[in-house]
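First up is the structure itself, then whatever we jot down about it.
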Amino acid sequence: MRIRTLLLYFIFSSVVIHGYSNPIVLTDTTERFDWDKGYCNIYINSLQSKSFSQIKELSNEGKFKPTKTDAPRLQSFNKEMWARVDVEYTGKKPKEFLIELYDCHIDLYDLYVLVGDSVCLHTVGGDSFPFDHRKIKHKNYLHEIRFQPNTAYTIFVRIQSKQSVSVFGSIRTYADVVYYSDKEYMLLSIFYGFLLLMSLYCIIISVVTLQKTYLYFAVNILSVALYSLSNDGLGYQYIWYDHVVLNEFVQSFSIALFSVTSLLYAASFLKLPFFSKNYCRTVWILLTLRIALYVFGFIFYGPLLYMYQIDILILIFIFFIAVYSFSKNYLPARFFIIAYTLLFVGFTIHILMVLGYINNTLFAVYALNFGTIFQLFIFSFALADQVRIVISENRVSQFKLISQLKENDLLKDKLTKELEDKVRERTKELEFKNQQLDAFVYKASHDIKGPLKSIIGLARLGILDIDDLEAREYFHHIEKSSTRLDTLVADLLQVSKINNNVIQQTQIDFQEIIEEVQFSLNNIVDFETFKIEINVTQDRDFYSDRNMVYSIFQNLIENAFTYRDREKGNSFIKIRIEIDKQKTVFEFVDNGIGINKDLKDKVFDMFYRASDISGGSGLGLYLVKMAVNKIGGRINVESKMKKGTTFTIVI
């Protein structure tokens, strides 16, 4: 007992003399003891400039200083930090403990455990070693130590890293490690599962709706997950365990990705291009600057990768534009402001801890996780609120559209009625004028026909009775002109008859009609040399107006004869008649001079003549078109010069 008292007095005296912190006192019942402020002394030195023996001498000289925070941080990539922790185990039996270092971003550390001046344990580790290098497969750095009863120990830890890291650690039993690890791993698995489900949900919504907003948010969530995996060590343990180089870049990359996607998501969700072009340009400037900073740090100057102050500024800017959008009466921004406030607080607390401005508390370590969870919870309301507002606006728009359509329908009905009345009135006027015109044409033609016949008869008598050859020539001209005028008058009478004709359905005998046409044309010079072939295929009787059918056949046959090719010795027209249950087809094929393709569409016009050969009135094909329309058919013409013409009528 006296020896133990003297030993404790010696330790206490040395601590007072050198200004060191209190020793950690472990007993048989101790499960865990953190070496936070008051139990840890540190010394910062140039990178690997002193040996361990020199460090011990500096420690004995009182160069190690008590920590001012619970988790002293090393901020410089070209320096190393030494930490000294004094431990006294007062238990009655030897006991197994684990020395734990919490910061997963330590690139390299040396752990020394001394009894007096003798080293009883020396081990190295860090994220520059493959994960399998660890004896205990845990996300934190764990090392076994067996403490003997009533023994004082000194623990030295040397750390170095390119990132800001902490020397915060603890001494705990196996049981305590298992207990807290089970809870921590379970909670982290729930956290990552929630992030994964939320990101997948947003990706699906983005694919379905084709809106980039949800895609930006999904990538933003994944960037938080990636950062958390890097920060808590699970990514190194389970994902990139064989790729130690990723430990150097994953954290900085995920933070940069988080800032970039936050800017994109905020600009898209808050409809920033609609509210302010200037702020939209600012977003793109910040986005470009953040990407350039990361690329430059990645290629040229590594410390730039860890300048997270710019990310805090970006979040402040996002919060500002959210307030601005809300001030412009964009209602979904209210939930956005709440959500990003929670995320901003969590992110800022965590980054301030990483930068060494605040202590390593449990809340600070997982502040970003807490902020992300609350953010996602609030954002679920924000997305639902946005959908609700869009639906409400769509309903208002639909109501306005329906009202406008009803007004348009009423206006359309009113205009339609007015137009119908005007058309009806104009139609009556046109019908009346057409009737008057037809009556005039019919009466005039009828009245002219009698005198014309007399003139033609007298001209023919003059040709027979007068011997004067010159006078006889004049009578020939009178007869020719009078005959042409008589033909025109006959055609005009035919037009009038077709217009005023009432369709009378009778059974048609095509052979009889063609014979009548031939008989009526036999008095024309050379008509007897013109060959007419007819081919009738008839599955049923054909009923139509006989006068209209006669006019069609008479005019098409006469037209084929008139425009025959006189250089050919065998001029003909082939008539094919095909009647089935669905339709009736008349086809008239001749081998005449043909019609120029540029004139084909004009041949059915009134008084139009495609050639001067006939000297006719130009009403023949016009009469055909009128008759075809009258019996409900349609006519088409195909022709090739010097080959012939085909008229096809379908009824």
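The values are calculated or read from the model by the stated rules, or taken from the named source; none is laboratory data. The shown structure was predicted, so the numbers you read here are calculated from the model rather than taken from an experiment. Cβ sites come from the backbone with ideal geometry, for glycine too, and all protein chains shown count toward neighbours. Side chains are part of the model used for accessible areas, which takes the heavy atoms of the whole protein and leaves out ligands, DNA and RNA. Shrake-Rupley method; radii C 1.70, N 1.55, O 1.52, S 1.80 Å.
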On the first, second and third principal axes, largest extent first, how far apart are the outermost C-alpha atoms of segment 80-202 in Å? 60, 35, 22
Taking the alpha-carbon distance from Lys95 and a cut-off under 13 Å, which aspartates and glutamates remain once sequence neighbours fewer than 8 residues away in the same chain are dropped? Asp28, Glu31, Glu144
Under a no-solvent Debye model with one identical scatterer per Cα of segment 516-643, what's log10 I(q)/I(0) at q = 0.11, 0.13, 0.17, 0.20 Å⁻¹? -0.39, -0.55, -0.97, -1.34
Placing +1 on the Cβ of each Lys and Arg and -1 on the Cβ of each Asp and Glu in the chain, which of Gly302, Ser276, Asn535 has its Cα farthest towards the positive end of the resulting dipole? Gly302
Considering only protein heavy atoms, with the full assembly of protein chains and a 1.4 angstrom probe, order Lys581, Lys400, Lys137, Lys95 by accessible area, largest first. Lys581, Lys400, Lys137, Lys95
Arrange the residues Leu621, Leu215, Leu210 by how much accessible surface each exposes, largest first, with a 1.4 angstrom probe. Leu210, Leu215, Leu621
Any number yet on Rg/Rh for segment 158-312, C-alpha, Kirkwood? 1.04
Between the helical axis of 510-521 and the dominant principal axis of the chain, each derived from Cα atoms, what acute angle in degrees is found, rounded to the nearest 10? 50 degrees
Angle, helix 309-327 long axis vs. longest principal axis of the chain, Cα atoms, 0 to 90°, nearest 10? 50 degrees
Which lysines have a Cα lying under 19 Å from the Cα of Lys630, excluding residues fewer than 8 positions away in the same chain? Lys497, Lys583
Which of Val603, Val244, Val207, Val25 is most accessible, then next, and so on - probe 1.4 Å: Val207, Val25, Val244, Val603
If you project the alpha carbons of segment 12-116 onto the principal axes, what extent comes out on each, in Å, largest first? 43, 34, 25
With each pseudo-label sitting 7 Å past Cα toward Cβ, what's the Thr427-Glu528 distance in nm, one decimal? 5.4 nm
Determine the per residue accessible area of the chain with all protein chains present and a 1.4 angstrom probe, expressed in square angstrom. 54 Å²
Does anyone have the angle between helix 546-562 and the longest principal axis of the chain? Alpha-carbon axes, 0 to 90°, nearest 10? 90 degrees
Check Ala71: other-chain or 5+ apart residues with amide H under 5 Å from its amide H, H built from backbone geometry? Asn360
May I ask you to list the lysines whose Cα is less than 17 Å away from that of Lys414, ignoring any residue fewer than eight positions away on the same chain? Lys406, Lys422
Quotient of C-alpha Rg and 2.2 N^0.38 Å, computed over segment 60-117: 1.39
Accessible area of segment 269-332 with a 1.4 Å probe: how many percent of it is carbon plus sulfur? 76 percent
Calculated P(r) of the chain - Cα pairs past 44 Å, %: 57 percent
